[in-house]
Amino acid sequence: MALKIIVGGDNAGYGHKEELKALFEADDRVESVVDVGVGSADDGTYYPNVAVAAAEKIAAGEADRALLICGTGLGVAIAANKVSGVRAVTAHDLYSVQRSVLSNNAQVLCMGQRVIGLESAKELVKVWLDLEFDPESSSAAKVDAICAYDGSLDQA
Ligand code: RB5
C-alpha cells in the first residue's frame, strides 16, 4: 500500500527536506506528500512548531509517516513525541532506521542535516519506505506499553 507522507523541518534542515521531498514525489511507493514547512531557508519558524504540526496530522490519521529534518534531528523528535500517539525517532544509520519501524512502530523519522550527508539520507529513506510493522510480532506488546502511557492505546 502506498504511503501518505508528511515532510517538514526548520531552516537548518531545509535543503535536505526539499531534496527528500522530491525523492518521495518520484517514488511509486508514495501516494502523497504534504510539506508542513518551512518554505525557505530564511524562514525562522521554530522547529517545535513544524514538528508538532506534522505529528498532529499523524495522530489524526491524515498521513502514515512523517520525515522531519532539523539541524540535528533531535529537537524535532522531542517535539513530535509530545503529541499523543506519535512515536518519533532520530536515526542516521541503517539498523536504527529499520528497527524504528520493525521494533517501535515509529511513524516519524527525524534526521539532522548537520549530521548526515544528503546521499546517505536518501539511501536510508528509500529503505524506510519498505518497512512495515508486524502487529503480531513480539514487539507489539512493548509498543502497546508505550501507548498506555499517553492514552493512545486504542489508536495503535
Ligand atoms: C537550529 O535551530 C537547531 O537548533 C535546530 O535545527 C535543531 O538542530 C534542534 O534540535
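So that you can scan it fast, the table gives a plain yes or no per residue for (1) within 12 Å of the chain's Cα centre (by Cα); (2) within 16 Å of the ligand (Cβ to nearest atom); (3) touching a residue at least 24 places away in the same chain (Cβ under 8 Å); (4) surrounded by 15 or more Cβ atoms within 10 Å (Cβ to Cβ):
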residue	(1), (2), (3), (4)
Val101	yes, no, yes, yes
Gln107	yes, no, yes, yes
Gln113	no, yes, yes, yes
Ser120	no, no, yes, no
Phe133	no, no, yes, yes
Ile146	no, no, yes, yes
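With respect to (1) open to solvent by 10 Å² or more (accessible area, probe 1.4 Å); (2) within 15 Å of the ligand (Cβ to nearest atom), the lone exception for Val30 is condition (2). With the condition kept exactly as written, say whether any residue in the range 5-21 is crowded, with 18+ Cβ neighbours inside 10 Å, more than 16 Å from the ligand (Cβ to nearest atom) and touching a residue at least 60 places away in the same chain (Cβ under 8 Å). There is at least one residue in the range 5-21 that is crowded, with 18+ Cβ neighbours inside 10 Å, more than 16 Å from the ligand (Cβ to nearest atom) and touching a residue at least 60 places away in the same chain (Cβ under 8 Å).
The values are calculated or read from the model by the stated rules, or taken from the named source; none is laboratory data. The structure presented is a predicted model; accordingly, all values stated were derived computationally and were not measured. In this analysis, Cβ positions are derived from the backbone assuming ideal geometry, glycine residues included, and neighbour counts consider all displayed protein chains. Please note that ligands, DNA and RNA were not included when accessible areas were found on the heavy atoms of the full protein model with its side chains. Shrake-Rupley method; radii C 1.70, N 1.55, O 1.52, S 1.80 Å.
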